[in-house]
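These notes are about the structure you will find just below.
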Amino acid sequence: MSIRAQDVVPISEARARLTELADDVVAGAEKVLTKNGAAFVALVDAKKLDFYHALEAEYGRLIMIDDAEKGLKDALAGRTKSLEDVRESMRRRAESRK
């Protein structure tokens, strides 16, 4: 959905029109509130926000699955390190950041 000119509202104006803007959002509109002429926040329907959060969680799961698959391929190809080597590498990295 594209944002229309009437869906861009200065935050100073939004204070006085909050109920109206909220009703518009629940009805399907998206509102972008501006501060000093730049996009500042958006008003989003709570159901749509829940959906966005679910999408974000699903994306995280897909990333983890992809990383696990890469790890399994590395293990099958013999590209592994001992626990002692990993700990030593982490210790050196921590010391270099001090």
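Tabulated data
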{"read-out": "Helices (runs of 4 or more DSSP H) wholly inside the chain that include at least 2 residues being in contact (Cβ under 8 Å) with a residue 24 or more places away in the chain and hydroxyl-bearing (Ser, Thr, Tyr)", "value": "none"}
{"read-out": "Selected residue (criterion: nearest to the chain's Cα centre (by Cα)) from residues of segment 13-45 that are among the small types (Gly, Ala, Ser) and surrounded by 11 or more Cβ atoms within 10 Å (Cβ to Cβ)", "value": "ALA42"}
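Conditions (1) modelled with pLDDT of 95 or more; (2) not basic (Lys, Arg), marked per residue:
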{"position": "VAL44", "(1), (2)": "no, yes"}
{"position": "LEU49", "(1), (2)": "no, yes"}
{"position": "MET64", "(1), (2)": "yes, yes"}
{"position": "LYS70", "(1), (2)": "yes, no"}
{"position": "LYS81", "(1), (2)": "no, no"}
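Residue-by-condition table, conditions (1) farther than 30 Å from ALA27 by Cβ; (2) surrounded by 10 or more Cβ atoms within 10 Å (Cβ to Cβ):
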residue: LYS47; (1), (2): no, no
residue: LEU72; (1), (2): yes, yes
residue: ALA77; (1), (2): yes, no
residue: ASP85; (1), (2): yes, yes
residue: ARG91; (1), (2): yes, yes
residue: LYS98; (1), (2): yes, no
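The values are calculated or read from the model by the stated rules, or taken from the named source; none is laboratory data. If you're wondering where the values come from, they're calculated on a predicted model, not measured in any experiment. With ideal geometry, Cβ positions are generated from the backbone for all residues, glycine too; neighbour counts draw on all protein chains shown.
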